[in-house]
Amino acid sequence: MLIEKVYFAIDMSQSIVLFGPPGAGKGTQADAIVEATGKPQVSTGDMLRAALAAGTTLGLEAKKYMEAGELVPDDIIIGLIEERMQQDDASEGVLFDGFPRTIPQAEALAEIAEVSLVISIEVPDDAIVGRIVGRRMDPDTGDIYHVTFKPAPAEIAARLIQRKDDNEEAVRTRLTAYHNQTSPLAKWYEEKGLLATVNGNQAMADVGAEISAVLN
């Protein structure tokens, strides 16, 4: 599968959004995009942890929701992003990893950051299920293996565990939520001429090559 032709001009002084389903390999590709563009990677999880550690006003507000087991409201997340965009290393834009997830979040983001490119890594659901359900973790080291793609050495195989949420039912529930949120978001960005789709159902190096072609 070839990447779609991108007919818009990419302004590399602006921000990039990267999204894809769980297990699509966003982490690996985000690292490569950061290296290629020099843009810092921004994720909501990292920002929340930093704000909590620093005891900022927004961090303390977020803490109330997190301790109650509730989602942190969008206005707090957007506030954290706005603060992050004011830091020196964000002057030439950032790489948003996994955010926004909904159209309201994208609309709010557009008020505080200029996005010139949205990269969607697309992988069929059955392939995602196979990737995640086959994962195994070494509880001693935290290393991740896969029963098919990355078997563990024989000497440690017996101690590997499968995480509770790495079962098919849980994965398909997460995928349903992802599609419900992201399909409208992808169309929203596509209508603005910003969306580039990449085939994530291939070797990581080939996915990276497609993304490089979009960036270049």
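Please treat every number below as a calculation from the coordinates, not as lab data. Values in this document were obtained by computation on a predicted structure and should not be read as measured data. Cβ: placed from backbone, ideal geometry, glycine included. Neighbour counts: every protein chain shown.
Residue 187: which lysines have alpha carbons under 23 Å from its alpha carbon, excluding same-chain residues fewer than 8 sequence positions away?
Here the lysines satisfying the reach criterion relative to residue 187 are 5, 26.
Pick out which of 20, 69, 134 has the largest mean-square fluctuation in a Gaussian network model of the chain, springs linking Cα atoms closer than 10 Å.
69
Using only DSSP helix segments of four residues or longer, with each worth -39500 (n - 2.57), what per-residue ellipticity at 222 nm results for the chain after dividing by its residue count and rounding to 500?
Numbers: 8 runs with 99 residues, N = 216.
So the calculated ellipticity at 222 nm is -14500 deg cm²/dmol.
How big is the charge dipole of region 42-129 about its Cα centre, in debye rounded to the nearest 20, if each Lys and Arg gets +1 on its Cβ and each Asp and Glu gets -1 on its Cβ? Walk me through the intermediate numbers first.
On the way: 5 positive and 18 negative charges, 67 e Å.
Value, rounded to 20: 320 debye.
Of all DSSP beta bridges located in the chain, what percent are antiparallel, nearest 5?
25
Which shape class, rounded, prolate or oblate, goes with the chain when its Cα gyration tensor gives a ≥ b ≥ c as root eigenvalues, a/c under 1.5 marks rounded, and past that a/b bigger than b/c marks prolate?
oblate
When the Debye formula is applied to the Cα atoms of region 60-99, each taken as the same point scatterer, what base-10 log of I(q)/I(0) results at q = 0.22, 0.30, 0.31, 0.35 Å⁻¹?
So the normalised log intensities are -0.77, -1.00, -1.03, -1.13.
For region 195-209, what does the Karplus curve 6.51 cos²θ - 1.76 cosθ + 1.60, with θ = phi - 60°, yield as ³J(HN,Hα) per residue in whole Hz, taken in order and with x for Gly and Pro?
8, 10, 9, 10, 6, x, 9, 7, 4, 4, 5, 6, 4, x, 5
If you plug each phi of region 72-77 into the Karplus form 6.51 cos²θ - 1.76 cosθ + 1.60 with θ = phi - 60°, what whole-Hz ³J(HN,Hα) values come out, in order, with x for Gly and Pro?
6, x, 4, 5, 6, 4
Which far-off residues, 5 or more places away or on another chain, put their amide H under 5 Å from the one on residue 197, with H placed in the peptide plane?
Residues meeting the amide H criterion: 4, 120.
Taking H placed 1.01 Å from N in the peptide plane, check which residues at least 5 places from residue 117 or on another chain put their amide H under 5 Å from its amide H.
Distant-sequence amide H within range of residue 117: 17.
Along region 50-60, what does the Karplus equation 6.51 cos²θ - 1.76 cosθ + 1.60 (θ = phi - 60°) give for ³J(HN,Hα), rounded to whole Hz, x for Gly and Pro?
Per residue, the Karplus-derived 3J(HN,Hα) values read 5, 5, 5, 5, 7, x, 5, 4, 5, x, 5 Hz.
Along the charge dipole of the chain, pointing to its positive end and built from +1/-1 on Cβ of Lys, Arg, Asp and Glu, which listed residue (199, 60, 129) has its Cα farthest out?
Of 199, 60, 129, it is 129.
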